[in-house]
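Coordinate-derived values only; no laboratory data. Note that the structure is a prediction, hence the values are computed from the model and not measured. A quick note on method: Cβ atoms are made from the backbone with ideal geometry, for glycine too, and the neighbour counts reach across all protein chains shown.
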Amino acid sequence: MSEEKTNNQETADETPVTPATDDTQNDNAAGEIFSFRDDKSNDKVVRVVHGQAEELPESVKKILEKRKEKAEGKGAKKKGKKKKIDKKVSIGKAFIKATYNNTIITLADNTGNVISWASAGVAGFKGPKKSTPYAASIITRIAVERAKEYGLEEVGVYVKGVGTGRESAIRALNASGLTVSYIRDITPIPHNGCRAKKPRRV
């Protein structure tokens, strides 16, 4: 019996240790929002080709065109002249609000005047798809395209919320050609503020 035990222990020691899978590595690195500049083979949110991001999907383009036509139709009724873009903003701020249900991205100048914005609903996402990392990367590209008309080149990022789209939105900003100078987490944290709800009696 003792010989069999020793043999079993030897075989157990000789068994090769399998390395950690990519999924476990991704789970461990889920909280690292500051590692967006590192080259990781697992991150395939936005591919950069010659310093430019991929084009938007055809479905998203069609939705944006329809919205543009509607806006132009309403503007024609008012008979107002279209505003010319005289303002040039090279350095600004990017505000990312990532909640469990949605992701909203706002690009503004240093004084806080909004240049462009986008949300998951604008790109045609509905229901639980609005809070996905893919939706966050798409709406980031939409907001950056509009902001580049003003000459935006560099942004400081302010992240608010704990949604799944926060990291992919930062990566998409960097991949869309904008220089990310700093990242600040402004998620509100309660210091025992509101009284907790009373426990349920079952």
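Once you keep just the Cα pairs under 8 angstrom separated by 6 or more residues, what percentage relative contact order results for the stretch 94-187?
Values: 197 pairs, mean separation 30.5, N = 94.
Averaging sequence separation for qualifying contacts and normalising by length gives 32 percent for the stretch 94-187.
Compute the FRET efficiency between Tyr182 and Lys129 as 1/(1 + (r/R0)^6), taking r as their Cβ-Cβ distance and R0 = 25 Å, and round to the nearest 0.05.
Efficiency, rounded to the nearest 0.05: 0.25.
Take the residue pairs Lys66/Lys160; Lys68/Lys148; Lys129/Lys197; Lys61/Lys130; Lys97/Lys198 and return only those whose Cα atoms are more than 27 Å apart.
Lys66/Lys160; Lys129/Lys197; Lys97/Lys198
Distance from a point 7 Å along Cα→Cβ of Ser90 to each backbone N in the stretch 139-160: keep the residues under 13 Å and list them by number.
Counting only backbone N, you get 151-155.
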